[in-house]
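What follows is one structure encoded as structure tokens, with my remarks underneath.
The values are calculated or read from the model by the stated rules, or taken from the named source; none is laboratory data. This structure is a prediction, so every number in the text was calculated from the model and none was measured. All Cβ positions, even for glycine, are placed from backbone atoms using ideal geometry, and neighbour counts span all protein chains on display. These accessible areas exclude ligands, DNA and RNA; they are computed on the full protein's heavy atoms, side chains included. Shrake-Rupley method; radii C 1.70, N 1.55, O 1.52, S 1.80 Å.
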Amino acid sequence: MASQVRMFLGAYGERLAGASVAEQVAWKELRAQLVRYAGILKPMLSRRPPDLGGMSLAETSALGLTALSLKRLGKEDMRDFLRMLLMNVADVLDEQLEDDRLKGLLAFDAVLSSHLGPRSPTSLLGLYYRLTGELAGAPGAQIVPRGGMGQIAAAIASSAAKAGVIMRSNAIVNKIRIENGRATGIVLENAEEIPCGLIVSAIDPSTTFLDLVGPRELDTGFVRKVKNIRNQGNAAKLHLALDRPPEFLGVRAEDHRGRLVIAPSADHVERAFNPAKYGEFSTEPVMEITLPSLSDPSLAPDGACVLSAIIQYAPYRLKQGWDAGKPKFLKIIMDLLERYAPGIGARVRHAELLTPADIEARYRMPGGHWHHGELQADQMLMSRPVSGWSGYDTPVDGLFLCGAGSHPGGGISGAPGLNAARRILAARS
């Protein structure tokens, strides 16, 4: 299996190892093209979507700058950008690459967390979305913070506390109080009421409007749009506590610190997606694996290891039900891991598989979708969360959205919150 391993080095494949020289050159050219095209879309993610029904001068100017950036690409690139924008990722990869393993990795990244396969129309958008993210100016770069991803929330909480913010955890909100079309406060699970003149919700739009506000306070057309948000997750999360680190075939020990993707080809990813269309889990799933305790030993006892993996595809509405299906799916996953990391099963001391239904129950997230709604062309930009209400405002005065269900969507970017904060400050001024 060593000859089959392809390795991205640097910020999303600045260097490619394990492939032929010709394929490395082809990938370098394709990567540069994708980064250029993602750069056209990137400014749109860092600002409020324009109101097409009544654009301000600033919004018109922003769209004009986007058009100017597109023109600056040059005639050939501009034509290719428009041609590729709504293409499926498999066709784009087939045009420019030969290596199946490399195409499998890129196809996996393009459809990760979505109810799409590589041959689904618009699936290339997922790869653009990934490349609009950056770390220290490097497009597509990623790191795992020391102490785990939870440390990001802890850092935000610490900064907020220093700024004088009063925070309360384990205080479940049951209702947003509405008076004369305006949000006036919240009611907690213990019946405590907290009056406030401004409410900002980072939870999913479905819960915010249908549960906390309630359909009676909203226009029926708006309620229908919210109910039509596609938010059923397709990815499961696996956690393994291992008594010692696993050994993946063909991967050097030092490279176990990176992310390991099992997706042998774009066609394999497509075949993995096929059962999910009909309410069944993949019998040959694709997955992304990390071993966070190798970079942060505090996450596991000495000599032990923590494995975390995202598994596709695991449909929220499993035909046989997840009570019956989870043990079967876990066995399929473990058998697959055993093929790539022989002996891993004997090292497991505890296993936890979270299906979309589990994610829904544990985190009060309808559908168990970590983006709070599919990131597809009809649920992005001016249509996120719903058409007519994409700018963080809501039909309820004093209530704003700022979470993954808002533009530009999920992922650890902070962009929805930043954009929402700017909108709220502008509205208040």
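Annotations for the structure displayed:
- Note on segment 74-117 and segment 378-411: Cα centroid distance 27 Å, given to the nearest whole angstrom.
- Computed with a 1.4 Å probe over protein heavy atoms only, the accessible surface of segment 315-411 comes to 42 Å² per residue.
- Whether segment 123-241 is rounded, prolate or oblate, judged on the alpha carbon gyration tensor where a/c under 1.5 counts as rounded: oblate
- Fluctuation leader among ALA155, ALA253, ALA341 - the chain, Gaussian network, Cα springs under 10 angstrom: ALA155
- Of the Cα atoms belonging to segment 77-142, the radius of gyration and Dmax stand at 12.0, 33 Å.
- Solvent exposure of GLU95, expressed as accessible area, is near 100 Å², computed with a probe of 1.4 Å over the protein chains only.
- Dipole magnitude of the chain about its Cα centre (Cβ charges: Lys, Arg +1; Asp, Glu -1), debye to nearest 20: 600
- Of LYS237/LYS331; LYS175/LYS237; LYS103/LYS326; LYS277/LYS331; LYS103/LYS328; LYS103/LYS331, those spanning more than 19 Å from alpha-carbon to alpha-carbon: LYS175/LYS237; LYS103/LYS326; LYS277/LYS331; LYS103/LYS328; LYS103/LYS331
- Radius of gyration and Dmax over the Cα atoms of segment 322-366, both given in Å: 12.7, 37
- Counting only the Cα atoms, segment 379-429 fills a convex hull of 63 Å³ per residue.
- Fraction of accessible area attributable to carbon and sulfur, the chain (%, probe 1.4 Å): 55
- Point-charge dipole on Cβ atoms (K/R +1, D/E -1) for segment 307-429, about Cα centre, debye to 20: 260
- Ellipsoid equivalent to the chain - semi-axes via the Cα gyration tensor, in Å: 36, 29, 21
- Seen against the Cα atoms of the chain and their longest principal axis, helix 75-84 is set at about 90 degrees.
- Relative to the globular-protein estimate of 2.2 N^0.38 Å, the Cα radius of gyration of segment 218-319 stands at 1.44.
- For TYR316, solvent-accessible area (1.4 Å; no DNA, RNA or ligand), Å²: 40
- Acute angle (nearest 10 degrees) that the helix 150-162 long axis makes with the longest principal axis of the chain, alpha-carbon atoms: 30
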